[in-house]
Amino acid sequence: MTTATPTATVPQLNLPGQAAAPAGRADTFMMYLMHHGYRRDLDDFVACVPLTPVADRATWRALAARWTAFADALHHHHTAEDEHLWPALHAHSTDDEAAVLDAMEAEHSEIDPLLARCASGFQQMVDAGDDSVRGDLATTLIAATESLARHLGHEESEAMTLVQKYFDHDGWSALEKKFGADMKPTDLFWMIPWLLKGLSSADRADVMGRVPAPMRLIGRIAEPFFRRTERRAFFYDARPQAA
Ligand SMILES: [Fe+2]
């Protein structure tokens with residue numbers, strides 16, 4: 001947590017779709033990078049589900065597996081916030097600030113049922129989906145996208161302001177270690193290319209300048225396979241693809 005010694009503010013990462021990047025001493029780029037990934041993934045599912053033919057079971061299996069990877073990553077992120085970040089901030093917060101933190105946890109709970117309905121919809125499409133199931137899934141995905149967008153915007157503008165008020169560089173680094181404590185090294189071969197997907201070249205260069213060399217190396221090794229599996233799942237994406 002915060003120390004008595006003030007240190008310089010750091011330039012904050014600000015990615016497309018991000019609601020805010022409050023100034024402060026903690027470099028919270030990984031939080032914003034994760035949020036970018038969740039927003040981007042939901043946009044990708046919303047774009048592809050209505051265009052994926054009902055009878056193409058192989059693509060539905062790839063999409064369902066990809067949904068599981070997305071939902072697991074988001075669940076891990078929200079659980080880490082609920083178990084580590086909000087309690088750490090609660091220890092210092094005023095009543096008004098505590099209300100923001102309580103809202104964060106409540107919003108996590110509102111999103112979970114929508115994610116569960118999406119998971120069920122993908123599984124039904126794998127098993128024996130039809131136009132009606134696909135239509136319901138597309139509608140639920142839009143609801144999940146809107147719910148998550150509201151929550152992430154609230155978190156970025158208000159909760160991250162509290163992070164910058166109460167955390168310094170070292171305190172935030174220690175908290176990030178708790179976030180990643182249960183990750184296996186092999187998880188990085190999916191997570192790093194997932195984090196980099198869809199970034200502009202300027203944002204990618206910014207991110208690469210903030211991560212340690214081993215992460216850059218894993219990204220280079222893992223990206224070709226990741227991109228192939230992404231193309232398989234989002235096979236019917238009709239939007240122009242980035243190079
Ligand atoms: Fe977050």
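What to note about this one:
- Counted residue by residue at 0.36 nm each, then reduced by the alpha carbon distance between them, the extension gain from A174 to L51 reaches 39.9 nm.
- Of S147, S109, the residue with the largest accessible area leads and the full order is S109, S147 (1.4 Å probe).
- Taken over the stretch 60-163, the ratio of Cα radius of gyration to 2.2 N^0.38 Å equals 1.26.
- Segment R210..R61, full-extension length gain: 50.1 nm, with 0.36 nm per residue of separation and the alpha-carbon distance subtracted.
- S132/D82 FRET efficiency (R0 51 Å; Cβ-Cβ; nearest 0.05): 0.90
- Note on the chain: with a GNM built from Cα contacts shorter than 10 Å, the maximum mean-square fluctuation among F167, F179, F225 falls on F225.
- Here the accessible area is traced with a 1.4 Å probe on the protein chains. For the stretch 29-233, carbon and sulfur cover 59 percent of it.
- Normalised contact order of the chain, rounded percent, pairs of Cα under 8 Å and 6 or more residues apart: 35 percent
- Note on the stretch 29-233: Cα convex hull, mean projected area over all directions, 11.7 nm².
- Paramagnetic label reach from F225 (point 7 Å along Cα→Cβ; backbone nitrogen cut-off under 20 Å): within the stretch 160-194, residues 183-194.
- Percent of Cα pairs exceeding the 18 Å cut-off, where the set is the stretch 194-235: 30 percent
- In this calculation the C-beta distance from D95 to I142 is compared with R0 = 45 Å, giving a FRET efficiency of 0.80.
The values are calculated or read from the model by the stated rules, or taken from the named source; none is laboratory data. Bear in mind the structure is a predicted one, so any value in this text is a computation, not a measurement. Quick reminder, even Gly has a Cβ in these numbers, built from the backbone with ideal geometry, and neighbours come from all protein chains shown. These area figures cover heavy atoms from the full protein model, side chains too; ligands, DNA and RNA do not enter into them. Shrake-Rupley method; radii C 1.70, N 1.55, O 1.52, S 1.80 Å.
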